[in-house]
1. Test each condition in (1) surrounded by 10 or more Cβ atoms within 10 Å (Cβ to Cβ); (2) modelled with pLDDT under 80; (3) part of a helix (DSSP H, G or I); (4) not aromatic (Phe, Trp, Tyr) for GLU78 and report the one that comes out false.
2. What are the pairs with Cβ atoms under 9 angstrom where one residue, in segment 81-95, is free of Cβ contacts under 8 Å to residues at least 24 places away in the same chain and the other, located anywhere, is of a type in the set (Val, Ile, Thr)? Sequence gap at least six, or different chains.
3. If VAL72 meets every condition in (1) in a loop (DSSP other than H, G, I, E, B); (2) of a type outside the set (Lys, Arg); (3) touching a residue at least 24 places away in the same chain (Cβ under 8 Å) apart from one, which number is that one?
4. What number of residues within segment 11-29 satisfy the criterion of being more than 11 Å from GLU69 (Cα to Cα) and over 20 Å from the mean Cα position of the chain (by Cα)?
5. How many residues does segment 13-69 contain that are free of Cβ contacts under 8 Å to residues at least 12 places away in the same chain, under 17 Å from GLY82 (Cα atoms) and not in a helix (DSSP H, G or I)?
6. Restricting the search to segment 44-71, which residues are surrounded by fewer than 15 Cβ atoms within 10 Å (Cβ to Cβ), of a type in the set (A, V, I, L, M) and modelled with pLDDT under 90?
7. Does LEU20 satisfy the condition of being modelled with pLDDT of 90 or more and not hydroxyl-bearing (Ser, Thr, Tyr)?
Amino acid sequence: MTAADREEERERTLATASRLFLALIKHDPTARALVIAMPEVFPWVRHLSSAELRAFTLELVEALSDAAELDVDATSQEVIAGWRATARIKADPAHYAEARKPTSGDFGPVQVSA
């Protein structure tokens, strides 16, 4: 098999998996089966609320669909990283309390790293 053949096969596999996940969500709007499986794949989701876990699951399935159908691979990793960061903050009660405090004023320009 050539590298191009393997890549095409990978794309078909990803498309099939994403379509399966989308069909599960279509027939079960709560995504119960997927939500139940998430802690096995992402142990840190135990720090998310039930609503956050459902939101993460749906957002991830949509990102996987975009990866399969539109060749937008980075989005799924961004979704995972964002929700992992949320779980990390919520896992530490002191950090979470600090993050929830109201802020005011201008904190200056934001540094964007590439």
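1. Failing condition for GLU78: (2).
2. Sorted first by the residue in segment 81-95, then by its partner, the pairs are HIS95/ILE89.
3. Here VAL72 clears every test but (3).
4. The number of residues fulfilling the criteria is 1.
5. The number of residues fulfilling the criteria is 1.
6. LEU70, the sole residue that qualifies.
7. Numbers: modelled with pLDDT of 90 or more: no; not hydroxyl-bearing (Ser, Thr, Tyr): yes.
Criteria not met by LEU20.
The values are calculated or read from the model by the stated rules, or taken from the named source; none is laboratory data. The shown structure was predicted, so the numbers you read here are calculated from the model rather than taken from an experiment. Because the Cβ atoms are built from the backbone with ideal geometry, glycine has one as well, and the counts that use them run over all protein chains shown.
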